[in-house]
1. By DSSP, what percent of the beta bridges with both residues in region 5-203 are antiparallel, rounded to the nearest 5?
2. Enumerate the calculated ³J(HN,Hα) couplings along region 96-105 in order (Karplus 6.51 cos²θ - 1.76 cosθ + 1.60, θ = phi - 60°), each rounded to whole Hz, writing x wherever the residue is Gly or Pro.
3. Pull out the extension gain between ALA186 and ARG91, defined as 0.36 nm times the separation in residues minus the alpha carbon to alpha carbon distance; nm, one decimal.
4. By count of other Cβ within 10 Å, fewest leading, how are THR10, THR96 ordered?
5. Sort GLU113, GLU98, GLU150, GLU182 so that the residue with the fewest other Cβ atoms within 10 Å of its own Cβ comes first and the one with the most comes last.
6. With +1 on the Cβ of every Lys and Arg and -1 on the Cβ of every Asp and Glu, and nothing else charged, how large is the dipole of the chain about its Cα centre, in debye rounded to the nearest 20?
7. Around SER13, which amide H atoms from residues at least 5 apart in sequence, or from another chain, sit under 5 Å from its own amide H, with H modelled in the peptide plane?
8. At 7 Å along Cα-to-Cβ for each site, give me the label-to-label distance between ARG109 and ALA172 in nm.
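Please treat every number below as a calculation from the coordinates, not as lab data. Computed from a prediction, not measured in an experiment: that's the story for all the values here. As a convention, Cβ positions derive from the backbone with ideal geometry for all residues, glycine included, and neighbour counts pool all protein chains shown.
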Amino acid sequence: MQPGAPKRVTSFSGLWIAPGSPYKSTEGAFLAIRTARERQIPLLGTCGGFQHVILEYARDVLGFADAQHEETDPGGGRLVISRLACSLVGRSMTITLEPDSLVARAYGRTRIEEQYRCNFGVSPNYVDTLRASPLRIVGSDAEGVVRVVELAEHPFYVGTLFVPQLSSRPSAPHPLVSSFIEACCAGRWGLTRRLQWTAGFQFC
C-alpha cells in the first residue's frame with residue numbers, strides 16, 4: 001500500500017468500484033470503499049465492486065474479520081461472497097426495487113431489466129444478517145436473491161450485482177450512472193474535484 005493512499009482517495013468527488021476482480025490490490029479496493037463509506041463520498045460498486053462493497057461491510061461493520069470471497073480464497077474464513085448456483089454471465093434479468101430507495105428514485109420505477117457479467121454473489125447464509133443492517137437490500141430478483149444494496153444516511157452509496165454501464169451511452173446515459181455523477185457534482189466535494197474510476201489497483 002502506497003503512503004498517502006487515504007489522502008488520495010479523499011481528493012476525489014466519487015469512486016466507482018468497477019468489474020474486473022480479482023483486483024491487483026484487493027486491500028486497495030477495500031481502502032477506497034471504506035473511505036467512501038466513512039467520509040460520505042459518493043460510491044458506485046458494480047459486479048465485482050458490489051461484491052467487495054459487501055465484503056468490506058461484513059469485515060469492518062458487521063465484525064466478520066474473516067469474511068472472504070470464494071473466488072480468491074475458497075478454503076478460508078466465512079464465504080460471504082460465494083459462487084452463484086447459476087452463472088449470470090451474459091444474462092438479463094428482472095429486478096424489483098424497494099419503492100423508497102434511492103435506486104428506485106433514480107430509475108423512476110420499481111421494476112427494471114438489467115444485464116449481468118458475474119458468477120459470484122451474496123451467500124444465502126448471510127442474507128438475513130445483511131438484511132438487519134443499515135446496508136439495505138433494495139433490489140432483488142424473482143427468487144428474492146440480493147441484486148442491489150444501498151447505505152442509509154449516505155448521499156450515494158450503491159452496489160449492484162448487474163452492470164449498468166453495459167447499457168449506458170453518451171447520448172443516453174444509464175439513470176443510475178447519471179444519478180451517481182449528479183451526486184458527485186452536488187456533494188460537498190464540489191465540482192473542482194476529480195471523478196475517480198477505480199478498481200483498487202491505484203493503491204497497491
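1. Within region 5-203, antiparallel bridges account for around 55 percent of the total.
2. Using θ = phi - 60°, the values come out as 9, 9, 5, x, 8, 8, 4, 5, 4, 5 Hz.
3. 30.8 nm
4. Going from sparsest to densest Cβ surroundings: THR10, THR96.
5. Starting with the residue having the fewest Cβ neighbours, the order is GLU113, GLU182, GLU98, GLU150.
6. In total the dipole reaches around 640 debye.
7. Amide H neighbours of SER13: ARG194, LEU195, GLN196.
8. Each label point lies 7 Å from its Cα, and together they span 1.3 nm.
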